[in-house]
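The values are calculated or read from the model by the stated rules, or taken from the named source; none is laboratory data. All values reported here derive from a predicted model rather than from experimental measurement. Methodologically, a virtual Cβ is constructed for each residue, glycine included, from the backbone with ideal geometry; neighbour enumeration extends over all protein chains shown. The protein model used for the area step is the full one, side chains on, heavy atoms only, and it has no ligands, DNA or RNA in it. Shrake-Rupley method; radii C 1.70, N 1.55, O 1.52, S 1.80 Å.
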Amino acid sequence: MPALRAILAALFIPALGAAVTLYIIHSAAAAEGANIPEIASFCLPNGLSLSLSPVCANIQNHYTLLLVCAATAAAGLALILAFALASFLTGANRVLLSFIFPGLSFLGLVVVAVLVIAQIAIVAAAAYFAEAFWLGQVHVTILHGFAAIGALLGLGILWRTLRMFRPAVGAVVGVPFSPIEQPRLALLVQQIAKATNARMPDNIVLGLDPNFFATTAPMHTPTSRRLLTGQTLYLSLPLMRVLSLDEVKAVVGHELAHFSGADTIYSRNFAPIYRGLEEASQAAGEHKKYDRNPLLMPARLFLRFMVDCFARNAARSSRSRELRADQIGSTASSPADLGYALIKVGILSMLWNKEIEDTLNDISRGKFRRNMSASFQDKLRYDVEPEKLPPLVAYSLGDHTSHPTDSHPETKERLTHLGLNLVDVTSEERVMERFFAAKPAAMALDNMENVEEILTQIYHQIIIGPRNVPQAERTTDEVFVSFLSAFLAHMVAADGVVDEREIETAEREAISHIGNGFDTREFREFCRNTDQLAPLSKLAEWSTKFLTASGFEMLLDMLKKIAEADGELHEREQKILGDVRAIYDGLKAAKDAGAIAAPPNTPPRQSRSQS
């Protein structure tokens, strides 16, 4: 029990100091044929006071130590009582928590620092008196050492207290949005703010982390020298490629709801201070040196008690404010839209971890992607097996959405509170429709790809850090795979539409012919950016260097299947097939003449350096 441990921390050292002191006084009095009550009535003729009568000057210092022990114990118990009473009175009321907890915590930490100094002083003084009484000598240096240690530890706690109560400054990898460059996004957020009766945020940050959140903490971003102050809304670009527009409206409405009512005060005053105390308590428990230090044990026990006192209040308040924000957010769209947004965020957060892992592997091989957000969307579209989604949805219902300064209720509880039927929501038909048939919100917004590419470069630099960019030598096999990917990508985009059926056919055929060496991430990026590839005419020229007659037959078969995957053969696709067939016929003629050239060492795409 944290309360019992805190009481023990408040009483143990003062009681030990008082016991040693009283024993010494008792022994001295017994030698004179007296006892402690007689000494007390003789030295304190007028009752309790700060000083003894002059005839008892020889035990004045001992008496002072007893007073210090009593005052230290009383202060410790008063601190415990104050936190317990404040916790009871504030309950889950966000306003009371916001105004009472920060001041009480500051005062409590200052008192803890003073108690640490006082308790170490008690240990030092008791040791001094004990040494003088039993050994007839004293080591003043040891006494001074204890005093110095107590002062340093107390000042250390005070310094951490002052740092904890400074305005928290956060940092996020994102780009502050510009209404000029993203006018439809600005209008969307403004409309949601009006629909939910919330104020327009002071800042909107676009990032790649799979999360949406609102915060009042000052924020640094890597692309702006200006510290973002006021209310900041963070929007995830990868999630906006998967969530529908109505789902984005609902989740943004939820976040803007935190900028209304008592939530803003709670987020600014209570949440960061409580989180700081909680993290300090956890760190103290995990740090072995801190945990083993007996001089700091009282401070650690007091800290754990202070956090535990308000843990239930924080949990109840967090639950109520999130459920309130859910109700408000759903008015910007519908409860179902918010419910599926919560489900998607839970699942897609796990998928984003796989995207980061693949990016790390690519960088280790000297490969850099143009757009991690688009690659993330491709991963959901092509790599997630549809039959695995319903159990993933069921798993996500027990998930807690992450947030930088707060905790959230389980998704299942939030959906139930929105009035949604869990059986209906998690049905396979509804899940498939929401994940694969809904039109992504990003399609209705402006200039997002440019921001995504900037953020992808920033992520690459963060991952690389101070290390040099790997300069991997490309093998002939890797060059051939890139050549084949580029050729297939040109066919996929030949009719002006990047069709999912054509991409799936191309990947299936390529893997069946060349195995797992085919880089699907690279191929999909080629399909999205054919203007960055070597021209088709150049690839056709190189094809005579890479492919034999049987290789051309394989390529023709693959290109034909890709062209027919969408159910129609476009004029441009017919031309590509005709050109490849003509090269194949020429190659056969050249083979008959024995004039086949050797493969080149030049990669089949325009080089693109990583800045």
**Item:** Pairs where the first residue, in the range 170-187, is in contact (Cβ under 8 Å) with a residue 24 or more places away in the chain and the second is of a type in the set (Asp, Glu), C-beta under 6 Å, 6+ apart
**Value:** 182/446; 184/446
**Prompt:** How many of the residues in the range 569-582 are open to solvent by 100 Å² or more (accessible area, probe 1.4 Å) and over 25 Å from residue 511 (Cβ atoms)?
**Reply:** 2
**Among (1) surrounded by 17 or more Cβ atoms within 10 Å (Cβ to Cβ); (2) in a helix (DSSP H, G or I) - the single one residue 12 does not satisfy** = (1)
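Output the residues belonging to the range 558-568 that are of a type outside the set (D, E, K, R) and open to solvent by 20 Å² or more (accessible area, probe 1.4 Å). Break it down stepwise before answering.
If we filter the range 558-568 for residues that are of a type outside the set (D, E, K, R), which is where we start, we get 558-559, 562-563, 565, 567.
Listed by number, the residues that qualify are 565, 567.
Yes or no, residue by residue, for (1) modelled with pLDDT of 90 or more; (2) of a type in the set (S, T, N, Q); (3) open to solvent by less than 10 Å² (accessible area, probe 1.4 Å):
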site: 467; (1), (2), (3): no, no, no
site: 478; (1), (2), (3): no, no, no
site: 492; (1), (2), (3): yes, no, yes
site: 513; (1), (2), (3): no, no, no
site: 517; (1), (2), (3): no, no, no
site: 543; (1), (2), (3): no, yes, yes
site: 556; (1), (2), (3): no, no, no
**Request:** State yes or no: is residue 320 open to solvent by 30 Å² or more (accessible area, probe 1.4 Å) and in a loop (DSSP other than H, G, I, E, B)?
**Result:** no
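Pull up the range 157-178, narrow it to residues that are at pLDDT 85 or above and part of a loop (DSSP other than H, G, I, E, B), then point me to the one that is farthest from residue 299 (Cα to Cα).
Just the residues of the range 157-178 that are at pLDDT 85 or above, to begin with: 171-177.
Still in the list and also part of a loop (DSSP other than H, G, I, E, B): 172-173, 177.
Values: 172: 33, 173: 36, 177: 45 Å.
So the residue we want is 177.
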**Message:** Condition (residue is small (Gly, Ala, Ser) and more than 46 Å from the chain's Cα centre (by Cα)) applied to the range 558-566: is it met by at least one residue?
**Reply:** no
**Prompt:** Is it fair to say residue 511 is over 30 Å from residue 343 (Cβ atoms) and within 32 Å of the chain's Cα centre (by Cα)?
**Reply:** no
**Complete:** Residue pairs within 9 Å by beta carbon, gap of at least six or interchain, first lying in the range 449-464 and closer than 17 Å to residue 240 by Cα, second acidic (Asp, Glu) and open to solvent by 10 Å² or more (accessible area, probe 1.4 Å), listed first then second, are 450/181; 451/181
**Complete:** Residue pairs within 6 Å by beta carbon, gap of at least six or interchain, first lying in the range 484-507 and touching a residue at least 12 places away in the same chain (Cβ under 8 Å) and closer than 22 Å to residue 548 by Cβ, second of a type in the set (Lys, Arg) and open to solvent by 30 Å² or more (accessible area, probe 1.4 Å), listed first then second, are 486/605
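Give 135, 107, 115 a once-over and let me know the one that is among the aliphatic types (A, V, I, L, M), within 21 Å of residue 73 (Cα to Cα) and either at pLDDT below 85 or open to solvent by 50 Å² or more (accessible area, probe 1.4 Å) (or both). Outline the logic, then answer.
Working: 135 fails: within 21 Å of residue 73 (Cα to Cα); 115 fails: either at pLDDT below 85 or open to solvent by 50 Å² or more (accessible area, probe 1.4 Å) (or both).
107 is the lone residue from the list that is among the aliphatic types (A, V, I, L, M), within 21 Å of residue 73 (Cα to Cα) and either at pLDDT below 85 or open to solvent by 50 Å² or more (accessible area, probe 1.4 Å) (or both).
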**Fill in**
Filtering the range 198-256 down to residues that are free of Cβ contacts under 8 Å to residues at least 24 places away in the same chain and under 21 Å from residue 187 (Cα atoms) yields 200
**Within the range 205-262, tally of residues that are of a type outside the set (Asp, Glu), over 14 Å from residue 340 (Cα atoms) and under 18 Å from the mean Cα position of the chain (by Cα)** = 24
**Message:** For the range 327-346, check the following and say yes or no: at least one residue is of a type in the set (S, T, N, Q) and in contact with a Pro (Cβ under 9 Å, 6 or more places away or on another chain).
**Reply:** yes
**Filter result for residue 433 (at pLDDT below 85, open to solvent by 80 Å² or more (accessible area, probe 1.4 Å) and part of a helix (DSSP H, G or I))** = no
**Asked** In the range 41-66, how many residues are among the aliphatic types (A, V, I, L, M), open to solvent by less than 50 Å² (accessible area, probe 1.4 Å) and either touching a Phe, Trp or Tyr at 6+ places or on another chain (Cβ under 8 Å) or assigned to a helix (DSSP H, G or I) (or both)?
**Response** 4
**Prompt:** Of the conditions (1) surrounded by 18 or more Cβ atoms within 10 Å (Cβ to Cβ); (2) part of a helix (DSSP H, G or I), residue 504 fails just one. Which one is it?
**Reply:** (1)
